[in-house]
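The values are calculated or read from the model by the stated rules, or taken from the named source; none is laboratory data. The shown structure was predicted, so the numbers you read here are calculated from the model rather than taken from an experiment. Neighbour counts run over all protein chains shown; Cβ positions are idealised from the backbone, glycine included. Heads up: the accessible areas ignore ligands, DNA and RNA and are worked out on the full protein's heavy atoms, side chains in. Shrake-Rupley method; radii C 1.70, N 1.55, O 1.52, S 1.80 Å.
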Amino acid sequence: MSPDAPIGIFDSGVGGLSVLRHIRAQLPHEHLMYFADSGFAPYGAKPEQLVVERVLAIGDFFVRHGAKAIVVACNTATVAAIAVLRERYPAMPIVGVEPGLKPAAAASRSNTVGVLATEVTLGGKKFLLLRDQIAQSTGARFLLQHCHGLVDQIELGELDSDATTSLLRRYIEPLLAQGADTLVLGCTHYPLVQAAIERVIAGSSSRPVTLIDTGEAVARHLARLLAASGIARTTSDVPARLDGYTSASATALSSAFSALLGLDPPTHAVLADPAGAMLTG
Ligand code: DGL
């Protein structure tokens, strides 16, 4: 695999852009393809089998487009399907995202950590095992809160609306009332509303609250994997390319790139077959 091959990064929608921004910052010479599966978002309340089918279809799409590595920039898809994706592509470096329970336990002084994520993530075996291990080794108490409806708000571009704020209050205030001084942003969409989250916290807690986002750690891990496999792109003779793909509207993805990251990459709509399983773009 050539260092000049692109890295495929995907999420159920625009949430993975919160990871892509760290990847661009740490690996500025890499060619990137971002796939927003907005036609099938949100994953978090969908049957696990559907999420598995989408992840495999997107993995196949990246491989057809010559990807040298894949980043599953979605906690839900990681919990549900990264093992199956790795089975299908055993030689491909594949990086997933998991809620940052370990750094959260280390950061918490009250030993009480709120975890915000989707229903699929919080119900996943992989996640519950991690929670039990870390609770046992650190004594931390984890309060799990699934945030139904929040991904939809963010997909709509409502980062700061009254409806988004009232959802955030409904999910966050009970965690603070139970003594949480650290909140894990366990869905890659949530860092995109960090400013609104901080406002909700400021309005209901006099104590400082730490927010944990693993985007930067994921980018570091990817950089290490590429270097170890000898496929990192380090030259800048040809500028790094970024292309956006989506299973919904290319215009909507362009707007998200511009509003969330101030970027204007070419974006392409990719068709799925009627069963939604095979991407044809
Ligand atoms: N960004 C995805 C995650 O990290 C959102 C999942 C969804 O679509 O519900 O879990």
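Is the shape of the stretch 68-178 best called rounded, prolate or oblate, per the rule: a/c under 1.5 gives rounded, else a/b larger than b/c gives prolate, else oblate, with a ≥ b ≥ c the square roots of the Cα gyration tensor eigenvalues? It is oblate, given that a/c is not under 1.5 and a/b is not larger than b/c.
Got a number for carbon plus sulfur as a percent of the chain's accessible area, 1.4 Å probe?
Reported share for carbon and sulfur atoms: 54 percent.
Once the Cα atoms of helix 17-26 and of the chain are each reduced to a long axis, what angle between those two axes, in degrees from 0 to 90 to the nearest 10, is obtained? Once rounded, the angle reads 70 degrees. Translational diffusion of the stretch 185-248 was estimated from the Stokes-Einstein equation, with Rh taken as the Kirkwood radius over Cα pairs; at 25 °C and 0.890 mPa s the coefficient is 158 µm²/s. Around the amide H of THR210, modelled in the peptide plane, lie the amide H atoms of THR182, LEU183, all under 5 Å away and 5 or more residues distant in sequence or on another chain. To test your reading of the geometry: what angle, between 0 and 90 degrees and rounded to tens, separates the Cα axis of helix 48-64 from the longest principal axis of the chain? That works out to roughly 40 degrees.
Round to the nearest 0.05 the FRET efficiency obtained for HIS221 and VAL52 when R0 = 22 Å and r is the Cβ-Cβ distance.
Numbers: r = 23 Å, r/R0 = 1.04.
In this case the efficiency is close to 0.45.
Each Cα pair under 8 Å and six or more residues apart adds its sequence gap; the mean of these over the residue count of the chain is a relative contact order of 26 percent.
Residues in the stretch 135-140 carry Karplus couplings, in order, of 4, 5, 7, 10, x, 6 Hz; the curve used is 6.51 cos²θ - 1.76 cosθ + 1.60 with θ = phi - 60°, and Gly or Pro positions show x. Rolling a 1.4 Å probe across the protein heavy atoms gives the chain an accessible surface of 42 Å² per residue.
Annotation for GLN136 and ASP4: the two label points, set 7 Å from Cα along the Cα-Cβ direction, are 5.1 nm apart.
Take the Cα atoms of the stretch 130-237, build their convex hull, and give its volume per residue in Å³. Don't skip to the answer; put the middle values down first.
Numbers: hull volume 17.2 nm³, N = 108.
Here the figure is 159 Å³ per residue.
Determine the relative contact order of the stretch 170-260: mean sequence separation of Cα pairs under 8 Å and six or more apart, normalised by residue count, in whole percent.
Working: 38 pairs, mean separation 24.6, N = 91.
Result for the stretch 170-260 is 27 percent.
When ranked by the protection proxy of mean other Cβ atoms within 10 Å per residue, highest first, what sequence do the peptides 92-104, 45-57 form? Please list the in-between numbers first.
Details: 92-104: 22.2, 45-57: 17.9.
Those peptides, ordered most packed to least, come out 92-104, 45-57.
When only Cα pairs below 8 angstrom with a gap of at least 6 residues are kept, the stretch 92-244 shows a relative contact order of 31 percent. What the phi angles of the stretch 180-189 give under the Karplus curve with 6.51, -1.76 and 1.60, with θ = phi - 60°, is a coupling list of 5, 10, 9, 10, 8, 8, x, 9, 5, 5 Hz, glycine and proline written as x. On a per residue basis, the convex hull of the C-alpha atoms belonging to the stretch 1-106 measures out at 110 Å³. Mean silhouette area of the chain, derived from the convex hull of its C-alpha atoms and averaged over all directions, reads 14.2 nm².
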